[in-house]
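Visitor: Just dropping this structure here.
Only the coordinates and a few stated rules stand behind these numbers; no lab work does. The model shown is predicted, which means the values in this text are computed figures rather than measured ones. No Cβ is skipped: glycine too gets one built from the backbone with ideal geometry, and neighbour counts run over all protein chains shown.
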């Protein structure tokens, strides 16, 4: 962790670069896929449009009056019908009826101006052709009706109009004949003309490696519609999205950098501050007394931790205890304040053998192999009896740890004469059977339950159960967080002997503790 903190900027820069590259690559793939799907959608829509156009044209010729008849020459009736269709449909430039050998029978244009081409398909699109009658290429939409063929003459501008698309990602639209393997018509979007134009190089093979999508026409077998992407537009949109992803990623990276670096700096600055406080002996104990209700005197104290900084500000444990435990600095902190507590409480401990000191322990203390040996040596040095020490262990810590590890150490402590209390009972949901497996001789009811007395809350009803359970397990009960006369009366009614809380005293210095003890002693003496 120290290595990460020391090289955080470099590590973060490398990670940011890797993530940005990954994000840009992913966005590029996503953008290309999105473009392809859009081009494909345009191809499908356009092919439906062309199919509709072709079917509309053919509906016109299906009305011609020769279906089921044999015709050998162009009658007046047939010619007038052809003329009527051409005049009333501006998209049709001419109509030709041919026999099975594609010899013209009847036509609205000069015969033989177009080179006739054989076709084995019942419906096909032929072209492009050139004709002196037209200033642009023409196409034949051929439909077989009985033994005859109807050729619908279409100029390229009509087909071009049907193939135009408003999709800005499209640069070319092609109708491709898979049987002849040639492009029938190709139109391209021209920036110079600000619109679509018929490509001047219809026969040129396109080696453009750009993206394209295809869709088969349903109206004519073998004709495929192709739409090619507008490479410049696609790249422009890709560039915009890449810039957006890059800037968003960079902004997010900067935000996370400052957020994480702030927390890491806070962590390490707090850790350094704790180490410095240890070195300067800024940690000190305060004491909250425990009241013996039966004998009406103070019978012990709980040692609580405080930190006084250089400015004289008192820092409460909530601000640093988590860091102290995670960094294992809680062990030397505990030893520092216990040594002070032994010195300050030695007179009263010597004078009152039944007076006890309660010390809070965490998981870290149990994981430190040297802590209990050092504690025991310090106790012996100050001539304090092990029976005067209570180690308090929270129920949550107990439930989170390996039972055997705790059990062995706790049994060893009990054999040396130390007392063990399960602290904050009721907050960790330990079962009675689970509790019985540990060698506790004290149980401290959490203030959450004590302060519920008289409120008629659900937690109030649990007090009776906890007290009865503790008595059934022969555990000495200490009620903490006692603040009101009503709570004292309730606990007295339920024969709870030891009480701790603001009703008697807050956590105070050694001088005030001595005054409390002496004052109670004088009161009893009088």
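Visitor: Ranked highest first by the average count of other Cβ atoms within 10 Å around their residues, in what order do 465-478, 329-342 fall? Could you put the intermediate results ahead of the total?
Guide: Numbers: 465-478: 16.2, 329-342: 19.8.
Per-residue Cβ counts within 10 Å, averaged per peptide and sorted highest first, yield 329-342, 465-478.
Visitor: Under the rule a/c < 1.5 gives rounded, and otherwise a/b versus b/c splits prolate from oblate, where does region 280-525 land using the Cα gyration tensor? Spell out each step's value before the answer.
Guide: On the way: a/c = 1.40, a/b = 1.11, b/c = 1.26.
Rounded.
Visitor: Calculate the spin-label point distance for residue 99 paired with residue 181, positioning each point 7 Å from the Cα along the beta-carbon direction, and give it in nanometres.
Guide: Result: 3.5 nm between the two label points.
Visitor: If you don't mind, another one. Can you figure out the FRET efficiency of residue 197 with residue 240, using R₀ = 30 Å and their beta-carbon distance, to the nearest 0.05?
Guide: Details: r = 27 Å, r/R0 = 0.92.
Step by step, r from the Cβ atoms, then E = 0.65.
Visitor: Could I ask something else about it? How big is the antiparallel share of DSSP beta bridges in region 1-254, given as a percent to the nearest 5? Write down the numbers at each step before the final one.
Guide: Numbers: 43 of 43 bridges.
Approximately 100 percent, going by the DSSP bridge assignments.
Visitor: Report which label in (i) 46, 31, 18; (ii) 39, 29, 21; (iii) 102, 27, 18 holds the value of semi-axes √(5λ) of the Cα gyration tensor in Å derived from the coordinates of this structure.
Guide: Answer label, from the structure shown: (iii).
Visitor: Hey, what angle do you get for helix 8-61 against the long axis of the chain, alpha-carbon based, 0 to 90 degrees rounded to 10?
Guide: 30 degrees
Visitor: Still on this structure, I have one more. Nearest 5 is fine: what % of DSSP beta bridges in the chain come out antiparallel, could you say? List each step's numbers first, then the result.
Guide: Numbers: 58 of 82 bridges.
Around 70 percent antiparallel, to the nearest 5.
Visitor: Continuing with the same structure: Summing -39500 (n - 2.57) over the DSSP H runs of n ≥ 4 in the chain and dividing by its residue number, what mean residue ellipticity at 222 nm do you reach, to the nearest 500 deg cm²/dmol? It would help to have the intermediate numbers written out before the result.
Guide: Numbers: 16 runs with 241 residues, N = 526.
Mean residue ellipticity at 222 nm (helix-derived): -15000 deg cm²/dmol.
Visitor: Say each of residue 340 and residue 280 gets a label point 7 Å from the Cα, pointing the same way as Cα to Cβ; how far apart are those two points in nm?
Guide: It works out to 1.4 nm between the two label points.
Visitor: Ok, one more. On full extension of the chain, what length is gained from residue 129 through residue 495, given 0.36 nm per residue of separation minus the C-alpha to C-alpha distance? Spell out each step's value before the answer.
Guide: On the way: separation 366, 0.36 × 366 = 131.76 nm, distance 11.36 nm.
Computed gain between residue 129 and residue 495 is 120.4 nm.
Visitor: Need the full-extension length gain, residue 145 to residue 19, defined as separation in residues times 0.36 nm minus the C-alpha distance. One decimal, nm. List each step's numbers first, then the result.
Guide: Values: separation 126, 0.36 × 126 = 45.36 nm, distance 6.47 nm.
Once the chain is fully extended between residue 145 and residue 19, it gains 38.9 nm.
Visitor: First measure r as the distance between the Cβ atoms of residue 503 and residue 316, then evaluate 1/(1 + (r/R0)^6) with R0 = 25 Å and state the FRET efficiency to the nearest 0.05. Before the final figure, lay out each step's value.
Guide: Numbers: r = 21 Å, r/R0 = 0.83.
With a Förster radius of 25 Å, E is 0.75.
Visitor: Quote the FRET efficiency, to the nearest 0.05, computed for residue 293 versus residue 385 with a Förster distance R0 of 25 Å and r equal to the Cβ-Cβ distance. Could you put the intermediate results ahead of the total?
Guide: Values: r = 24 Å, r/R0 = 0.95.
With R0 = 25 Å, the Cβ-Cβ based efficiency is 0.60.
Visitor: Is region 1-254 rounded, prolate or oblate when judged by the Cα gyration tensor, a ≥ b ≥ c being the square roots of its eigenvalues, rounded requiring a/c under 1.5 and prolate requiring a/b larger than b/c?
Guide: Details: a/c = 3.93, a/b = 3.55, b/c = 1.11.
Prolate is the answer for region 1-254, as a/c is 1.5 or above and a/b outweighs b/c.
Visitor: Find how much the distance from residue 270 to residue 89 grows on full extension, using 0.36 nm per residue of separation minus their present alpha carbon separation; answer in nm with one decimal.
Guide: On the way: separation 181, 0.36 × 181 = 65.16 nm, distance 8.72 nm.
Extra length from residue 270 to residue 89 when fully extended: 56.4 nm.
Visitor: Kindly express, to the nearest 10 degrees and within the range 0 to 90, the angle between helix 371-381's C-alpha long axis and the longest C-alpha principal axis of the chain.
Guide: Taking Cα atoms only, the helix is inclined about 20 degrees.
Visitor: Put a dot 7 Å past each Cα toward the Cβ at residue 473 and residue 396; how far apart are the dots in nm?
Guide: 1.9 nm
Visitor: Can you tell me what share of the DSSP beta bridges in region 280-525 is antiparallel? A percent to the nearest 5 is fine. Can you show the working numbers first?
Guide: Values: 15 of 39 bridges.
Roughly 40 percent of the beta bridges in region 280-525 run antiparallel, per DSSP.
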